[in-house]
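Worksheet: the structure to be examined is printed underneath.
The values are calculated or read from the model by the stated rules, or taken from the named source; none is laboratory data. For clarity, every value in this text was computed on a predicted model and none was experimentally measured. Methodologically, a virtual Cβ is constructed for each residue, glycine included, from the backbone with ideal geometry; neighbour enumeration extends over all protein chains shown. For the accessible areas, the whole protein counts, side chains as well, though only heavy atoms, and no ligand, DNA or RNA atoms are used. Shrake-Rupley method; radii C 1.70, N 1.55, O 1.52, S 1.80 Å.
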Amino acid sequence: MKLYDSILLQAPDHAETLQLKGILLAQIGVPEEGLELLERAIVQAPENVRIRANLAKLRLDLGGIDAAVADYEVALAQRPDDADLAFSLAGALALAGRHDAAIEHLEHARTLSPDHPHVLANLGNLYRQTENLPASAEALERAVAVSPDDPEVQHSLGVTLAALHDYAAAGARFRHALKLDPGFVRAAVQLFYATLYACDWDDHPKLVGNFRRLLGAGKDLLSEVSPLVALYLPFAQDQLNLVSEARAAVLRPSAMVPAAAQAKSEGAALRVGYLSADFGGHPVGRLLADVLPRHEKAAFDVTAFALAPPDGSDVQQAIFSGVGRVEDVSNMSAAEAAGRIREAGVDVLVDLGGFTQGARPEILAARAAPLQIGWLGYCGSSGGLNDVLLADEVVLPPGAAGQFREAIAHLPGTFMPLNRFDGAGDDPDTRAAHGLPGDGFVFCAFNASPKIDAETFAAWMAVLGRVEGSVLWLRAHASVTTQNLRSAARSAGTDPDRLVFAPTTNAMSDHLARHRHADLFLDTFVYGAHSTAADAIAQGLPVLTCAGEAMPARVGASLCRAYGIGGLVAENPSEYIDTAVEVATIIDHLINYKSALSAALETVDAGDGFARKLEHAYGALWRAKGTGLLKPGTLVPMEDQE
């Protein structure tokens with residue numbers, strides 16, 4: 001440092017020295033001062049590609065994504081055949097949300113350097129993110145070929161193979177990554193996730209034990225565990241919250257302070273923004289399609305901030321045509337998206353994604369709105385990125401509020417709307433056409449395969465063993481999943497042919513229609529049915545659930561109690577099994593539950609009811625924010641909400 005200072009004392013505009021001192025300052029922890037020197041350096045030497053690239057990198061490190069992109073573009077224009085520059089520009093573009101442009105520059109870099117492992121790996125990851133899975137697999141297979149000892153590349157290929165439903169090959173890649181790096185937490189997480197989809201539970205006791213030990217590790221290590229995948233772990237609520245808090249701590253800028261809530265003038269509309277990647281043919285979109293258009297437009301100025309490009313679905317059309325405005329922020333950086341939300345003057349931002357696929361929690365970390373509320377799409381804590389988690393007293397009991405880094409607010413009844421947008425088709429088929437017995441009892445479990453845990457499946461086999469002639473109707477997934485479930489049934493002493501697999505339907509109406517052929521929906525234990533339970537209830541099909549300790553295991557209980565079938569909420573697996581057998585063998589029990597459900601569907605949250613209770617909650621929470629009553633870990637009084 002003294003050498004640089006002495007040179008600059010004699011030649012204060014010496015570009016090379018300004019650059020070197022700037023880099024050193026950044027390395028010793030004063031990057032802002034380093035940035036100032038690099039900016040001076042580039043003024044003196046605007047044609048120096050190396051200085052401009054270092055300036056761009058430091059801008060990126062400090063969060064100046066757009067400025068970094070601009071500098072990398074200038075540098076690449078000056079040296080268009082530099083694969084490393086094209087690679088760096090692509091990385092900045094990806095952070096800016098401009099994935100197509102990033103892919104274009106990575107393909108350019110691959111042309112210049114066909115076996116550049118990092119170019120190939122990033123290209124494969126971006127192709128996967130843009131849902132071009134064959135191209136992703138091709139690039140990552142090549143990356144593995146040229147860099148077989150890189151655990152990150154092995155992991156990336158595994159993620160793509162899992163997305164292609166080749167779970168055995170994906171598992172092999174994750175295991176190889178862990179062999180190369182035994183402490184590679186993300187590879188262990190993805191191995192667990194892939195085996196969940198395959199219903200291959202052999203490694204789960206060991207993996208779950210390892211994840212449990214991570215709870216006592218530092219937040220940096222724990223933050224490598226996906227909060228979404230953690231919902232599938234048999235953890236208590238406070239343990240799940242630790243995972244979310246660790247991830248949130250990585251995302252949250254230390255100096256970010258929430259904006260103050262401004263009092264609204266009499267009669268002024270509350271500006272509400274909904275933030276989601278799922279405003280389309282997704283379960284969340286289907287639950288919202290009949291709710292968001294029902295907002296009282298004079299009192300609530302609603303904007304949908306879309307984190308994914310339009311999908312052209314009828315669901316999306318209903319949502320977008322039913323709100324005041326739509327803002328597509330899918331190709332923006334988190335900072336740009338947060339800025340757009342602030343420019344729109346949003347008072348209340350409703351986060352519908354949390355840590356789910358396609359969500360952008362970085363936007364929440366940037367404090368895009370004075371009041372941020374988590375609701376519906378992610379059944380867990382934001383780790384404090386939001387001010388409030390909107391739930392109900394069943395899915396999140398009052399006594400659990402103190403475990404959360406956000407305040408808790410309860411909607412009356414259930415926090416989850418039903419899908420009242422899609423109607424069931426006619427389905428003239430008989431049970432036999434679906435592979436079901438004409439007169440046997442049909443249990444159905446239409447949850448996605450990763451929600452089927454070993455303990456739940458054992459309970460199902462116990463039920464089939466006690467109800468003669470009954471079958472279990474499941475959703476088909478990958479062939480390996482079907483094989484593993486049939487094998488598990490055989491090992492439990494159950495004829496595998498008593499498992500019937502329903503193929504994926506092209507139309508939601510066809511899927512809903514087949515519910516009429518089932519007698520009772522069976523929920524899962526660790527991560528229960530959410531939108532699938534709501535679909536069953538909307539079709540008049542009773543749901544049997546087992547209320548666990550954590551939120552993911554309590555949504556079924558919330559729905560059942562709200563819709564008049566609280567008797568189907570078991571407190572433990574033994575009670576769950578006994579209740580299933582009773583409903584299947586005592587016909588009056590089933591008739592009574594169906595009758596109670598049918599009556600409740602006519603009145604509970606019908607018509608504008610759900611939108612009204614959301615509006616009441618938003619108004620109450622906005623006032624609580626303004627008066628300083630939103631305290632993390634507390635239950636917010638919701639006035640006279642009914």
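Key figures for this structure:
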quantity	calculated
Residues within region 33-51 that are under 23 Å from Leu106 (Cα atoms) and open to solvent by less than 30 Å² (accessible area, probe 1.4 Å), tallied	2
Condition check for His165: at pLDDT 95 or above, of a type outside the set (A, V, I, L, M, F, W, C) and closer than 21 Å to Asn210 by Cβ	no
All positions within region 605-623 that are aliphatic (A, V, I, L, M) and at pLDDT below 95	Ala606
Some residue of region 320-332 being touching an Asp or Glu at 6+ places or on another chain (Cβ under 8 Å) and not in a loop (DSSP other than H, G, I, E, B)	no
Matching residues in region 8-19 - criterion: being more than 15 Å from Val43 (Cα to Cα) and either open to solvent by less than 60 Å² (accessible area, probe 1.4 Å) or at pLDDT 80 or above (or both)	Leu8, Gln10
Region 521-538 residues that are on the phi < 0 side of the Ramachandran plot and of a type outside the set (Gly, Ala, Ser), paired with ones that are in a helix (DSSP H, G or I) and open to solvent by 20 Å² or more (accessible area, probe 1.4 Å) (beta carbon under 6 Å, 6 or more apart)	Thr524/Lys451; Phe525/Glu455; Tyr527/Lys451
Residue list for region 306-340, restricted to those being surrounded by fewer than 22 Cβ atoms within 10 Å (Cβ to Cβ) and touching a residue at least 60 places away in the same chain (Cβ under 8 Å)	Ala318, Ser330, Asn331, Ala335, Glu336
Pair list, Cβ < 7 Å and 6+ apart or interchain, from region 159-170 residues that are without any contact (Cβ under 8 Å) to a residue 24 or more places away in the chain and in a helix (DSSP H, G or I) to residues that are of a type in the set (A, V, I, L, M, F, W, C) and buried (at least 17 other Cβ atoms within 10 Å of the Cβ)	Ala169/Leu161
Filter result (of a type in the set (Val, Ile, Thr) and open to solvent by less than 50 Å² (accessible area, probe 1.4 Å)) within region 556-597	Ile565, Val569, Ile577, Thr579, Val581, Val583
Matching helices (runs of 4 or more DSSP H) fully within region 556-642 where at least 2 residues are among the hydroxyl-bearing types (Ser, Thr, Tyr), free of Cβ contacts under 8 Å to residues at least 24 places away in the same chain and over 22 Å from Phe300 (Cβ atoms)	587-603
Matching residues in region 470-511 - criterion: being exposed (fewer than 13 other Cβ atoms within 10 Å of the Cβ) and closer than 30 Å to Asp314 by Cβ	Pro503, Thr504, Asn506, Ala507
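Here is a yes/no grid of residues against (1) more than 17 Å from Ala369 (Cα to Cα); (2) not small (Gly, Ala, Ser):
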{"residue": "Gly280", "(1), (2)": "yes, no"}
{"residue": "Pro283", "(1), (2)": "yes, yes"}
{"residue": "Pro310", "(1), (2)": "yes, yes"}
{"residue": "Gln317", "(1), (2)": "yes, yes"}
{"residue": "Phe320", "(1), (2)": "yes, yes"}
{"residue": "Glu327", "(1), (2)": "no, yes"}
{"residue": "Ser333", "(1), (2)": "no, no"}
{"residue": "Leu349", "(1), (2)": "no, yes"}
{"residue": "Thr356", "(1), (2)": "yes, yes"}
